[in-house]
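Below you'll find the structure, written out as structure tokens, and then a few comments.
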Amino acid sequence: MFIDTLETMANEVPETAPLTNDEISKVFGNIKVIMNLNKKFFSEISEKVSKFDEVKIICGFLLLIFLLIW
């Protein structure tokens, strides 16, 4: 992952690294949890969307737009 590259840069050449180890931990500390939740969410959404017909998809988008505007 790109986090490994950032950590390597922070450890080996700290003066040119874009982030310190502390900053990397703060920014990316929960990335694995977020990735796992994202994979689960995507899997569930993909399953539901595959069962949609065109009318349900259009209604879903209209509802989403309405909720975002509200």
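Taken over the C-alpha atoms, the range 13-70 has Rg and Dmax values of 19.2, 56 angstrom. A DSSP coil position with no more than 14 other Cβ atoms inside 10 Å describes the following GluC sites (Glu not before Pro) in the range 1-68: Glu15.
Over the chain, with the other protein chains present, what is the accessible area per residue in square angstrom, probe 1.4 angstrom? Mind showing how you got there, number by number?
Working: 6360 Å² over 70 residues.
With all protein chains present, the chain gives 91 Å² per residue.
The value of relative contact order for the chain, using C-alpha pairs under 8 Å at least six residues apart, is 17 percent.
Seen against the Cα atoms of the chain and their longest principal axis, helix 54-69 is set at about 60 degrees.
When the Gaussian network model of the chain links Cα atoms closer than 10 Å, the mean-square fluctuations of Ile57, Ile34, Ile24 top out at Ile57.
Each Lys and Arg adds +1 at its Cβ and each Asp and Glu adds -1 at its Cβ; summed about the Cα centre, the chain shows a dipole of about 520 debye. Using the alpha-carbon atoms, what tilt in degrees (0 to 90, nearest 10) does helix 31-50 show relative to the longest principal axis of the chain? Once rounded, one gets 20 degrees. Could you work out how far helix 2-12 tilts from the main Cα principal axis of the chain, as a 0 to 90 degree angle to the nearest 10? So the helix axis and the longest Cα principal axis differ by about 10 degrees.
Surface composition of the chain: carbon and sulfur atoms hold 66% of the protein heavy-atom accessible area at a 1.4 Å probe. In this calculation the C-beta distance from Lys40 to Thr8 is compared with R0 = 35 Å, giving a FRET efficiency of 0.75.
The values are calculated or read from the model by the stated rules, or taken from the named source; none is laboratory data. Model, not experiment: these values are computed from the prediction. Don't worry about glycine lacking a Cβ; one is built from the backbone with ideal geometry, like all the others, and counts go over all protein chains shown. Heavy atoms of the whole protein, side chains included, go into the accessibility calculation; ligands, DNA and RNA do not. Shrake-Rupley method; radii C 1.70, N 1.55, O 1.52, S 1.80 Å.
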